[in-house]
Amino acid sequence: MVTSDLMSRARSGDGEAFRELTEPYRRELQVHCYRMLGSFQDAEDVLQDTLLAAWQGFAGFEGRASLRTWLYRIATNRCLNARRSAGRRRAKEWDVPNVEPPEPTRLGEVVWLEPIPDALLEGVVDAPLGPEARYEQRESISLAFVTALQILPPRQLAVLILRDVLAFHANEVADMLDSSVESVKSALKRARAGLQHRRPTSDDSQPPPAPDSPSEDAIVATFVRAWESADVDALVALLTDDVFISMPPMPFEYQGRDVVARFYAGIFRAGRRFDLVPTRANGQPAFGSYLRAPNGISHGTGLYVLTLTGDRICAMTRFENSVLPSFGLPRSLPVR
């Protein structure tokens, strides 16, 4: 009765009724756009565009599909348009003063990647899904997964997220994309193969410790001590042999403990000392990094996100300081 009344009011132009109907889906739509685009800011822009389009077209919503499915149809197609039409951000050149980095292992393709605050994932990554979902929700928001998604062609990307992450049925996805069920099945098969190629499984890999568990806390505390004291040996002892670091929008990527040790030795050798402020991103431990200055102020230089396996760090991703406000972190703070 209440929903029917809200529907009638929203169709007649009642903005408050429309907001009440769509608010329960807002956060999950934002996360969906983030998976599609790999950029938190782009996802927020497309979410606003989606809600505006839904509001403008609500009088034509006939209820043949659920409201949630209808909103996902709009959001997915807006994301596809954004991926096809928007020029990708250019890679940024190395700009750390007085530090000459080692030769990178390779140059990354996904320089537009941004993290998403865990505060926006509450109620989304723990939501139950249907039996057709192939990925745990926390895995499907991890930086490694989101990065791998960005390499897929746009249509394959959309199909894989809608089918394997969100567990929509093939006929629902076909309707969302104005396609056929056979086309969806074909795109899904190619997307799975492409994703597997980008994310090879390893028999030696161990699952990460549970978020905020004593095991995770122990790794994080050791990392903070090593980082803030510029103890490269202690830092390297935490890393896996094949540890991987990246730093979008700079394309430099390093893989392997030796080259990563040389990289961070160069960072600290320049006399740079940092304070870390804990937060969480993409379901993973993260830290705002603040460079200590002689004037007693630490200036935010970026955000580090750690990827854990067992009791080791297998990846570190560094983002620009422009992402700090999204995590409620200041641009500067007093030196401790």
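The values are calculated or read from the model by the stated rules, or taken from the named source; none is laboratory data. Everything numeric in this text was worked out from a predicted model, so none of it was measured. Here Cβ is always computed from backbone atoms with ideal geometry, including for glycine, and neighbour counts include all displayed protein chains.
Whether any residue in region 237-248 is out of contact with any Asp or Glu (no Cβ under 8 Å at 6 or more places or on another chain), assigned by TED's automatic domain parsing to the domain that holds ALA315 and modelled with pLDDT under 95 is what I want to check. Within region 237-248, not a single residue is out of contact with any Asp or Glu (no Cβ under 8 Å at 6 or more places or on another chain), assigned by TED's automatic domain parsing to the domain that holds ALA315 and modelled with pLDDT under 95.
Identify all residues within region 278-325 that are hydroxyl-bearing (Ser, Thr, Tyr), under 22 Å from VAL124 (Cα atoms) and within 13 Å of the chain's Cα centre (by Cα); write none if there are none.
Taking region 278-325 first, the residues hydroxyl-bearing (Ser, Thr, Tyr) are 279, 289-290, 298, 301, 304, 307, 309, 317, 322.
If we keep only those that are under 22 Å from VAL124 (Cα atoms) as well, we get 279, 307.
Scanning region 278-325 gives a single hit, THR307.
Of all residues in region 76-94, those that are touching a residue at least 12 places away in the same chain (Cβ under 8 Å) and either over 26 Å from ILE141 (Cβ atoms) or assigned to a loop (DSSP other than H, G, I, E, B) (or both) total 8. Filtered by the rule that a residue be assigned to a loop (DSSP other than H, G, I, E, B) and hydrophobic (A, V, I, L, M, F, W, C), region 153-181 gives LEU166, ALA167, PHE168, LEU177.
Summed over region 169-205, residues that are modelled with pLDDT under 95 and on the phi > 0 side of the Ramachandran plot total 0. Here ALA221 qualifies as assigned by TED's automatic domain parsing to the domain that holds ARG318, within 24 Å of the chain's Cα centre (by Cα) and exposed (fewer than 15 other Cβ atoms within 10 Å of the Cβ). Within region 252-270, can one find any residue that is modelled with pLDDT under 95, closer than 25 Å to GLY300 by Cα, not in a helix (DSSP H, G or I) and not acidic (Asp, Glu)? Yes, region 252-270 has at least one match.
For region 1-16, the criterion of being closer than 25 Å to VAL165 by Cα and surrounded by fewer than 20 Cβ atoms within 10 Å (Cβ to Cβ) is met by none of the residues.
So, in region 204-220, exactly how many residues are of a type in the set (D, E, K, R) and part of a loop (DSSP other than H, G, I, E, B)?
From region 204-220, those of a type in the set (D, E, K, R) are 204, 212, 216-217; that's our starting set.
Next, only the ones that are part of a loop (DSSP other than H, G, I, E, B) stay: 204, 212.
Adding up the residues that qualify gives 2.
Of all the criteria given as (1) surrounded by 20 or more Cβ atoms within 10 Å (Cβ to Cβ); (2) not in a helix (DSSP H, G or I), the one not satisfied by ARG35 is (2).
Quick test for you: out of GLN41, GLN30, pick the one residue that is surrounded by fewer than 20 Cβ atoms within 10 Å (Cβ to Cβ), at pLDDT 90 or above and assigned to a helix (DSSP H, G or I). Write out each step before concluding.
Details: GLN30 fails: surrounded by fewer than 20 Cβ atoms within 10 Å (Cβ to Cβ).
Only one candidate qualifies: GLN41.
Screening TYR254, TYR304 for residues that are within 25 Å of VAL110 (Cβ to Cβ), touching a helix residue (DSSP H, G or I) at 6+ places or on another chain (Cβ under 8 Å) and hydroxyl-bearing (Ser, Thr, Tyr) leaves exactly one candidate, TYR254.
Residues of region 318-327 include at least one that is surrounded by 20 or more Cβ atoms within 10 Å (Cβ to Cβ), free of Cβ contacts under 8 Å to residues at least 60 places away in the same chain and closer than 24 Å to SER39 by Cβ. When the residues of region 275-304 are filtered to those that are in contact (Cβ under 8 Å) with a residue 40 or more places away in the chain and more than 16 Å from PRO330 (Cβ to Cβ), the one that is surrounded by the fewest Cβ atoms within 10 Å (Cβ to Cβ) is ARG280.
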